[in-house]
Amino acid sequence: MAGDDLSAVGRFLYEAGTLKHARRTGWWMAGVRDPESVAEHSWRTALIATIIAKLEGADADKLECMLQGIEYKAQGYENAQRWIDNSRGRLTTETANRLADELLAQGSIDWLRSALGEERG
């Protein structure tokens, strides 16, 4: 890789690091006082897109927003329902819609219950 290319990569990596400190401000409208960072959102969006390769990038982002809304609602932020409904309604692929149904059917800590061998109650 040429020196100029590495210089640009270096600048990009430093810039990307600032995303760890930038909060996703849309959640403040739902009353969430300490919303996730842009980096957390981007990481989970990339994870969703990677795990389910059939998803288009836009569906991965919508699924991540829906999932974050479910988690915030479970923490008592009732206004997050708007993000859940909006994100769910904008999904376009069959795989994304099937995953959304699964996410909505689960509780936000069912993964922990499963890991601990507990039944959902």
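The values are calculated or read from the model by the stated rules, or taken from the named source; none is laboratory data. Owing to the predicted nature of the structure, the values given are computational and were not obtained by experimental measurement. Cβ placement follows ideal geometry from the backbone for every residue including glycine, while neighbour counts extend to all protein chains displayed. Accessible surface areas use protein heavy atoms only, side chains included; no ligands, DNA or RNA. Shrake-Rupley method; radii C 1.70, N 1.55, O 1.52, S 1.80 Å.
Descriptive notes on the structure:
- Quick note on segment 29-92: its Rg to Rh ratio, both from C-alpha atoms and Rh being the Kirkwood radius, is 0.98.
- Accessible carbon and sulfur surface of the chain relative to its total accessible area, %, 1.4 Å: 54
- Label of the coordinate-derived value, Cα extents along the principal axes in Å, listed as (i) 57, 34, 33; (ii) 43, 33, 25; (iii) 45, 43, 18: (i)
- Helix-only mean residue ellipticity at 222 nm for the chain, each DSSP H run of n ≥ 4 adding -39500 (n - 2.57), per residue, nearest 500: -19500 deg cm²/dmol
- To the nearest ten degrees, helix 3-18 and the longest principal axis of the Cα atoms of the chain are 30 degrees apart.
- Per-peptide average of other Cβ atoms within 10 Å, ordering 58-67, 72-81, 39-48 highest first: 58-67, 39-48, 72-81
- On Cα atoms only, tilt of 57-74 relative to the major axis of the chain in degrees: 50
- Label point distance in nm, Lys20-Ile51, each placed 7 Å from Cα along Cα→Cβ: 2.3
- Spin-label model distance (nm) - Leu104 vs Asp85, 7 Å beyond Cα toward Cβ: 1.2
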